[in-house]
Structure formats: C-alpha cells, structure tokens
Amino acid sequence: MSEISHDTGRQIGVLLNRKGRVEYVMVGDAKQIEMPDFKRVRAAAGRFRGLRCVHTHLQGEKLNSDDLTDLALLRLDLMSAIEVDPDTGLPERIYSAHLLPSKASAIHASNGTNQPYAFLKAVHPSQLDIDFLSLINSLETEMARNRETGLNRQTARERAILVSVTTSATHLAEESLQELEELAVSASVLVLDKVIQRRSKIHPKTVLGAGKLNELLIRAMQLGADLIVFDRELTPAQVRSLSEETELKVLDRPQLILDIFAQRANSREGKLQVELAQLKYLLPRLVIGQNSAFSKLAGGIGGRGPGETKLETDRRRVRKRISDLEKQVKKIGKQRRERRKARVGKAIPIISLVGYTNAGKSTLLNTLTDSKVYAEKKMFATLDPTARRLRLPFEQEVIINDTVGFIRDLPESLVAAFKATLEEIGDSDLLVHVVDASNPRALQQIESVEKILASLDLGEIPMIVALNKKDRVDPTTLEALERAILLDGGDEQVSVCAIRPQSIRPLVSLMGRGVSRDLGLNSPAGMTVSN
C-alpha cells in the first residue's frame, strides 16, 4: 500500500473485516480518501461496525480530524494511518485510534482530553503487537453494558441531546436551554447532554456549523441518543436536512411544546385543540419518505385522483382534518360564549389566574377554594380551564378561573387553536398574574406573559401580581423583584406561598378590593374567607 501510494501520489485505503479480509478498497487524492456510502444505522446499537480502516498518509501527518470523524460517525472498529516515507515509499510509523464507551470517555474528559476516542502508541508496522479482537470485544462489552444499564434505569424514555444555536449572548442561550430542559423533562424525555454554539449567522440549512454538527453526531452516538431537540423553531427544510445528516429524530421547541400539550390534554375540547395545532404545524413539514403516521396508501377504485402521489394524498387528508377540527373548535367557542353570557347575566365577578407555566396557578386555586384540581410540578400540567366559586370579604361571591399557562415563544398555531379557551380571560373583571418568584428568570417570564396578554387584547384588564413561592426566595431578592415590578408597570402586588392558606389572606383582600372597584362597590372594611 505504501509503495502504490508513493508511486501514484494518492492516498490508498482498505476496510478490513474482523477475519482480516479486505471488504473495500479506496483510492483518494494526495490529501484524503472518501469512505464508501454505507449508512450508520446498519451498525447495531452497542456494537462497532466490524470494519477497521487502514490507509496511507503522504505528507507526514498523524490522524487528522477527518479520520477521527469517520471513525466516530461510521462506528469503525479502528482507524489507522500509515506514514509513507517521501523518499523510499516505505512505511514509517502507523497511527491508530479507537472509540471509547461513554464512561471511559468521561474519565478521559476528567483528565483534560475530552475526547470520545483513545490513541494507540505510534510504532513501525513491524512492531505492532496488539490482540485486536480482544480489545474490540472488551470495548463492545462495556458499550453494551452501559446501554443496558441506561435502558433499565430509564425504561421507555427517549434519550435526547438539547441544542441551542444563538447569535446573541451565551448566557441568554444558557437560560433558554435551561427552560428547554424543563420542557423536555415534562415531556418524559431523558436529557443526556446540552450543546450551545454561538455564531454570527445561523446556518440556513443545518443551523449548526459543519464542525459542530459532526461533534454533535459523535456525542449522540457515544451517549446512545435517539433524539435531538433544538431550542428554536426550525424550517421544514432544516428539519429535513438535519434528519438526513444525523439519521436521528429531530424536534424543535414548538414541536416539543405541542407534544407536552398532547400528553396533558384530557377533555374532548383540549384534545381537539391540540390535534388542530399539531396538524397545522405538520402540514408544511410533510415530505416524501417521512411522517409514517400518514403512510397508508389510498387503495382501490376511486381511492385517489389520477396521478396523485402519496405525499399529495397525505396533505389533502391533513387539510380536510384541519377543516373538520376548525369547525368543531368554532362550535365549542360558540358554546363557551353562551355559557359566559349566562354568567355575566348573573352579575358575578370573574377573576382569572394567569401566568407562566409552572408558576403555581392550580395550587393557588386549590388553596383559595379548597379544591383538588390536578396540580404537579411540571410545565403545562393544566390545559383544561377550571372554574370555581369563591366567597371574598364582605360576602362577595366571585368565579375564579384557572387558565392554560403561557411560555416564551408559544407556537402561533397553539395560540390560534386555544383561542376559544383564552377568550375566557377576556370576560374577566380582574386578573391575578401568578409569578414564580423563585425562578431566576422571573422578570423575563413576566414580560412574556404581558406580551401574550397584549397580543390577545387583554392588557387593559385590571391586574394583581402575586409573587408565589416566597418561601423559596431570600428577602433581599424578593424585595428587589418587587421594586422591579413596581417600576415597570405599577400593578398591585403581593407575595404569597400558594401551599400555605394563611399567606394568601392579603391576596384575597386585594382581590376583594379589586372587584369592588370594578363594580363600583364600597371596599370591604374587614376580610372573611369562605370556600
């Protein structure tokens, strides 16, 4: 190989199976060779491909980044480069590397190398003395053991790497990625790793740069990830490109939120709204060879129009389903309006709890009304609006609504689908904006909620800001947050702990005064809470 490479001025390479037989012969140029186009999915999980690459280098270089990328992405047993003497054409030293199981790689990372592979000692080919089959078998055994342990520990959970690509400050991306991790956990996804890349410009095709994408693929392969979640909305073309490049399932932030909504929806109304949002999101992303949910062909005479492709059939079916769902959601909206008219006719004030997801709205409703509405420390635990009666001071009776939580960059299709639900807020006499005061992003969350309320033309309704979870915040931080809110908008505010009934008495008093002002009544002198 060395002599032929020297005579032709080209790199020569072979792929050998574990019996030492040549499976592929490759001829490149002076700087590189190109690997055969076999798919990575053919390599079994927890195993290498069963092929080792041995090729020549003509310019005295060691294993380069292309060699190591091929080693990782193609799951080769071994990558070796033979250094060719430029004068004689005889082989000099041979450089070799193999992949490491994830735990072993973590040990290397702690030693400062931070690499998913290990290098063998460079020697002359005649001095190679390695029991290669024993080495590769031990590595595969360790890989299989790691994977089996992970699967046993996290049964039926998808394994994901979260990715943020930003053109702004890195600390903002870190905060956003932290929220994406909370969303992933709420969707029952096991987060294996998080990756951030700061770029001057987002790559129009793959979002990430080529080098970072290769690093991501290596990391995904090493950790056994089957899902990549991007902290942004991806275009249909980007989803296709990334899926083809990675051969992994690719999700973006809106799709993850939609998936959580689909898991949480319990009522018929909620399920219809979520399905409508999902189909509107899916329609422009239907492509040939993907979306197996629509893989059944229309068969038989009259099954489809002349010359209509399966893709066109899928799109037509989705459009028809969207039309049917919109009619049903519109009907639900009409029914809701009739019910609201009946409530308004009885002159009972309406108070709505609004706020960022997981701020504690349902917990507060339970404490206020002694109810047992489903509440859990998960994002979007509440999708179906709940109304309860509450007796405020001075024998005031009100209806209090628990609403769907908001989030930054809420998908437009989701806002549109839940319009009938969100319209409930429009009839409120008072809003209680519940804020998780313990969250370091509390001010940004307040801004996101106010932005969504303004987009729904609900910004003029009187509001009380309830800073929840005060027991988890030190007094100095809480005071600083209160000052910031006061300077920003001047809404009345109070600090509460939703799980402690005594702490919400000042809030109840404010609510009583708020609805009294709105209805033109005298403010109550005392306060009695009756559930």
Condition met for Glu233 (closer than 30 Å to Ala442 by Cβ, part of a loop (DSSP other than H, G, I, E, B) and not hydrophobic (A, V, I, L, M, F, W, C)) | yes
Restricting attention to segment 378-402, which residues are in contact with a helix residue (DSSP H, G or I) (Cβ under 6 Å, 6 or more places away or on another chain), at pLDDT 65 or above and assigned to a loop (DSSP other than H, G, I, E, B)?
-> Pro393
Filtering segment 175-202 for residues that are under 23 Å from Ala237 (Cα atoms) and either free of Cβ contacts under 8 Å to residues at least 24 places away in the same chain or assigned by TED's automatic domain parsing to the domain that holds Asn439 (or both) leaves a count of 0
Can you name the residue in segment 128-166 that is within 28 Å of Gly20 (Cβ to Cβ) and touching a strand residue (DSSP E or B) at 6+ places or on another chain (Cβ under 9 Å) and, of all such residues, is modelled with the lowest pLDDT?
-> Met143
If the Cβ limit is 8 Å and pairs must be 6+ apart or interchain, which residue in segment 439-456 that is over 15 Å from Asp409 (Cβ atoms) and among the aromatic types (Phe, Trp, Tyr) pairs with which residue that is surrounded by fewer than 16 Cβ atoms within 10 Å (Cβ to Cβ) and modelled with pLDDT of 90 or more?
-> none
Looking at (1) crowded, with 19+ Cβ neighbours inside 10 Å; (2) within 18 Å of Arg157 (Cα to Cα); (3) within 17 Å of the chain's Cα centre (by Cα), which is the only condition Lys249 fails?
-> (1)
Some residue of segment 171-187 being among the polar types (S, T, N, Q), farther than 23 Å from Ser448 by Cα and at pLDDT below 90 = no
Go through (1) under 30 Å from Asn439 (Cα atoms); (2) among the hydroxyl-bearing types (Ser, Thr, Tyr); (3) in contact with a strand residue (DSSP E or B) (Cβ under 8 Å, 6 or more places away or on another chain) and name the single condition Thr246 misses.
-> (1)
Could you list, in sequence order, the residues of segment 336-377 that are closer than 16 Å to Val398 by Cα, modelled with pLDDT of 75 or more and among the polar types (S, T, N, Q)?
-> Ser352, Asn366, Thr367, Thr369
Of the conditions (1) part of a loop (DSSP other than H, G, I, E, B); (2) in contact (Cβ under 8 Å) with a residue 40 or more places away in the chain, Leu478 clears all except one; give me its number.
-> (1)
Report whether or not Arg483 is modelled with pLDDT under 85, farther than 22 Å from Lys361 by Cβ and out of contact with any Phe, Trp or Tyr (no Cβ under 8 Å at 6 or more places or on another chain).
-> no
Among all residue pairs at least 6 apart or on different chains, which show Cβ distances below 7 Å where the first residue, located in segment 73-101, is over 18 Å from Phe132 (Cα atoms) and in the same structural domain as Asp7 (by TED's automatic domain parsing) and the second is of a type in the set (Ser, Thr, Tyr) and modelled with pLDDT of 90 or more?
-> Val84/Ser2; Val84/Ser5; Val84/Thr56; Gly89/Ser2; Leu90/Ser2; Pro91/Ser2
Restricting attention to segment 107-121, and to residues there that are in a loop (DSSP other than H, G, I, E, B) and either charged (D, E, K, R) or surrounded by fewer than 15 Cβ atoms within 10 Å (Cβ to Cβ) (or both), which single residue is modelled with the lowest pLDDT?
-> Asn111
Single match in Lys194, Lys205, Lys212 (criterion: in a loop (DSSP other than H, G, I, E, B), charged (D, E, K, R) and on the phi < 0 side of the Ramachandran plot) | Lys205
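The values are calculated or read from the model by the stated rules, or taken from the named source; none is laboratory data. Note that the structure is predicted; figures quoted are calculated from it, not measured. Glycine also receives a Cβ, built like all others from the backbone with ideal geometry; neighbour counts cover every protein chain displayed.
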